[in-house]
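Quick notes on the structure that follows.
The values are calculated or read from the model by the stated rules, or taken from the named source; none is laboratory data. No experiment lies behind these values; they were computed from the predicted model shown. For neighbour counting, all protein chains shown are included, and Cβ atoms are generated from backbone atoms with ideal geometry for every residue, glycine included.
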Amino acid sequence: MKSFYPEKRLLMGPGPSDVHPRVLEAMARPTLGHLDPDFQELMEEIKGGLKELFKTENRMTFPVSAPGSAGMESCFVNLVEEGDVVVVVKNGVFGERMRQNVLRSGGVPVLVDVEWGTAPDPALIEDALKANPQAKILAFVHAETSTGVCADAEALCALAKNYGCLTIVDAVTSLGGIPVLVDEWGIDAIYSGSQKCLSCTPGLSPVSFSEAALEKIKNRTSLVRSWFLDLTLVMDYWEGEGGRSYHHTAPVNALYGLHESLVMLFEEGLEATWKRHRETHEMLVSGLADIGLSLLVDEAVRLPQLNAVSVPEGVDEAAVRSRMLNDHGIEIGAGLGPLAGKIWRIGLMGNAARPESVKRCLEGLSASLAAGHNS
Ligand SMILES: *Cc1c(COP(=O)(O)O)cnc(C)c1O
């Protein structure tokens, strides 16, 4: 075997996204023990930074030591008990995964099926909540990475409250790219990922739980169906009143990376970060129009950080993606499910949301499309 030296790619797909060099550099620093006092100080800073990022006072805010899917599972497995009815909104890949999580947690999912590429209509969600008065939780995806659609999280959370439901919100692609206001919107359980808009490497999932969520967990009559993700156990390590104790070995160097990405985020300012995502999106959309490409999603519900670009009639979408990768060193994403072959997914997430990246991507796309016409 030999050491592995990957090519430098520009990651502009649905994630992982371009990692900032400062994050990589932070991760190469000496490993500390996971109970080292200096490392515990770093953990406190990460929790504080995540609270600021999520705009919450929730004390139960920390990164799960695993990717976004584990953050998802952490929310469902802790909050859902045997027989709990959960209304799940599905308008892409990740809503279906939520439904699977409800099933595996012993709950009863009620699916609200919404057309891919469109946003959930709050009136439809209200109908489902009305029709299922026994429902305890409403779960939905804020930024659907499979389609590039943004849900009205504020409106959906307000509805859930009116019908006495807690909320579980997928903010894997939204956090850091667009406003996510946990306390103001009244979100009860939320999970995200390090590798989308935070300019960090994959493998960590920031989560946050409200007091109401913790109350439901406290009143459980059955054991949480996952030992690793059981919040009350994990928090002995992340919070540890009267001294932290060993739960699992934290991914120490990965947490250096997340810490650095938070440092950079607050150096830039959260509002400025959202603005940068918005502005690079506008630049991309206008450049795409110049080369005859348009977006799938209605302007009003488009995510700036995930752009679903319609593949023109007669174009081999896979060939364009492989030319982008091989000739231009840029990764873009393919469509999934009913959108397979119909769209490309261009991510402008975190460190990839820069004018230079948009320019490179447009040049690459233009050349890759032309190469297709010539062959
Ligand atoms: C990427 C993503 C996930 C899963 O995150 P992983 O880190 O790949 O496990 C979940 N939900 C959404 C909306 C995502 O974009």
Check: Out of curiosity, is Glu215 farther than 18 Å from Lys47 by Cα and surrounded by fewer than 20 Cβ atoms within 10 Å (Cβ to Cβ)?
Finding: yes
Every listed condition ((1) under 16 Å from Ala70 (Cβ atoms); (2) away from the ligand (no atom under 16 Å from the Cβ)) holds for Ala213 save (1)
Selection from region 346-371 of residues at negative phi, buried (at least 21 other Cβ atoms within 10 Å of the Cβ) and assigned to a helix (DSSP H, G or I) yields Asn351, Ala352, Ser357, Val358, Cys361, Gly364, Leu365, Ser368
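The rows are residues; the columns are (1) among the hydroxyl-bearing types (Ser, Thr, Tyr); (2) modelled with pLDDT of 95 or more.
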| site | (1), (2) |
| --- | --- |
| Phe228 | no, yes |
| Gly242 | no, no |
| Thr280 | yes, yes |
| Leu288 | no, yes |
The residue that is surrounded by the most Cβ atoms within 10 Å (Cβ to Cβ), considering only those in region 183-199 that are outside any strand (DSSP E or B) and within 11 Å of the ligand (Cβ to nearest atom), is Cys197
If we keep only residues of region 75-101 that are under 15 Å from Ala160 (Cβ atoms) and either within 15 Å of the ligand (Cβ to nearest atom) or not assigned by TED's automatic domain parsing to the domain that holds Thr147 (or both), then the residue surrounded by the most Cβ atoms within 10 Å (Cβ to Cβ) is Cys75
Restricted to region 33-74 and to residues being of a type in the set (Lys, Arg) and under 14 Å from Trp238 (Cβ atoms), the residue farthest from the ligand (Cβ to nearest atom) is Arg59
For region 102-123 the number of residues that are within 16 Å of the ligand (Cβ to nearest atom) and without any contact (Cβ under 8 Å) to a residue 40 or more places away in the chain is 3
Practice item. Tell me, please, whether a residue that is free of Cβ contacts under 8 Å to residues at least 24 places away in the same chain, part of a helix (DSSP H, G or I) and not β-branched (Val, Ile, Thr) can be found in region 13-22. Key: yes
When (1) aliphatic (A, V, I, L, M); (2) over 25 Å from Glu260 (Cα atoms); (3) away from the ligand (no atom under 12 Å from the Cβ); (4) touching an Asp or Glu at 6+ places or on another chain (Cβ under 9 Å) are applied to Val149, the one that fails is (3)
Log entry, pairs with first residue in region 334-359 being in contact (Cβ under 8 Å) with a residue 24 or more places away in the chain, second being of a type in the set (Lys, Arg) and not in a helix (DSSP H, G or I), beta carbons closer than 9 Å, six or more apart or on different chains, reads Gly335/Lys342; Gly335/Arg345; Leu336/Arg345; Leu339/Arg345; Gly347/Lys196; Leu348/Arg354; Met349/Lys196; Gly350/Lys196
Do we have any residue at all in region 170-182 that's surrounded by fewer than 19 Cβ atoms within 10 Å (Cβ to Cβ), assigned to a helix (DSSP H, G or I) and more than 16 Å from the ligand (Cβ to nearest atom)?
no
